[in-house]
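Here is the structure we will look at, set down as C-alpha cells.
No value in this document is a laboratory result; all are computed from the given coordinates. Source: prediction; values computed, not measured.
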C-alpha cells in the first residue's frame, strides 16, 4: 500500500505533534523514500532559519496587567 505524506503532516512531525501511528508511518517512509527525506530535510532547514519566539512578556506589559488587576479587584485584602 502506497501512502502519500502531505507537507502538513511533515510539519506536524517536525514539531513532534503527530500521533504515535503517524510518527511510526512517517519514520518508516523517511527510511525508505529519499525524495521524502529531502523534503523533510528542507523543512528542517527552514525551521532553523525561523526567528525564535519570545515567550516572556515585557515588564511594561506585566505592569499594565497588574494595574488593571488592582483596579478591577472586587475585594481587597488587608
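In degrees between 0 and 90, to the nearest 10, how far off the longest principal axis of the chain does helix 59-72 point, with axes built from Cα atoms?
50
Once you sort the root eigenvalues of the Cα gyration tensor of segment 1-42 as a ≥ b ≥ c, which label holds: rounded (a/c under 1.5), prolate (a/b larger than b/c) or oblate (the other case)? The partial results should precede the final answer.
Details: a/c = 1.67, a/b = 1.14, b/c = 1.46.
Oblate shape, in that a/c is at least 1.5 and b/c is the bigger or equal ratio.
Using a Gaussian network model of the chain with C-alpha springs under 10 Å, which one of 30, 43, 62 is most mobile by mean-square fluctuation?
Residue with maximal mean-square fluctuation among 30, 43, 62: 62.
Starting at 0 and stepping by 5 Å, how many percent of the alpha carbon pairs of the chain end up in each bin?
3, 12, 17, 14, 9, 6, 6, 6, 8, 8, 6, 4, 2, 0
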